[in-house]
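Inspection log for the structure reproduced underneath, given as structure tokens.
Nothing in this text is a laboratory measurement; each read-out follows from the coordinates by a stated rule. Since we're looking at a predicted model, the values are computed, not measured. For neighbour counting, all protein chains shown are included, and Cβ atoms are generated from backbone atoms with ideal geometry for every residue, glycine included.
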Amino acid sequence: MTPELVRVLGVDLGERRIGVAVSDSGGLVASPRCTILRGGDPAADRAKVAAIVTESGAQRVVVGLPVSLDGRRGPAARSAGEEASALAELLGPQGVDVETFDERLTTVSAERQLVEAGRRGRARRQVIDQVAATVMLQAWLDAHRSDDDA
């Protein structure tokens with residue numbers, strides 16, 4: 001699905017924080033990038049994401065879609081879809097593609113990784129969103145690499 005190797009930004013949208021991860025330039029490995037604290041103005045939050053896209057040289061943004069375990073799209077998933085559409089409008093003129101990707105269980109997986117690494121309480125809360133974005137982005141990269149290999 002990814003025609004050439006590109007840097008990809010992964011975004012995990014939370015109510016209070018936005019976790020951001022970025023791939024290497026070959027689109028193979030995801031790494032945590034930062035956490036954006038929401039400021040109450042969605043347009044300003046999107047502008048912060050857009051600035052990271054520009055700064056990192058990303059050519060694609062993957063927004064985590066919190067689909068329920070049974071596959072339904074509840075309010076959080078609808079909200080993430082709307083945010084992805086708004087990001088697409090903002091970034092489209094720059095030639096940056098925006099898409100959504102099922103992020104089921106990424107926060108659970110990220111939490112488990114941080115616990116295993118010995119991160120506790122506040123230290124874990126400060127990075128959980130960017131680790132969740134990393135887990136989601138790595139899953140997207142792996143899925144697309146598998147598609148390309150098939």
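Things worth noting here:
- Rough spin-label spacing in nm, given labels placed 7 Å along Cα→Cβ, for ARG38 and GLU15: 0.8
- 5 angstrom amide H check on GLY14, placed H, neighbours 5+ away: GLY19
- 3J(HN,Hα) along segment 84-92, derived from phi through the Karplus expression 6.51 cos²θ - 1.76 cosθ + 1.60 where θ = phi - 60°, amounts to 4, 4, 5, 5, 4, 5, 6, 8, x Hz, with x in place of Gly and Pro.
- ³J(HN,Hα) computed for each position of segment 67-80 - Karplus, 6.51 cos²θ - 1.76 cosθ + 1.60, integer Hz, glycine/proline x: 6, 5, 4, 8, x, 7, 9, x, x, 5, 5, 5, 5, 5
- Two-site label geometry, SER31 and ARG72: point separation in nm, points 7 Å out along Cα→Cβ: 4.1
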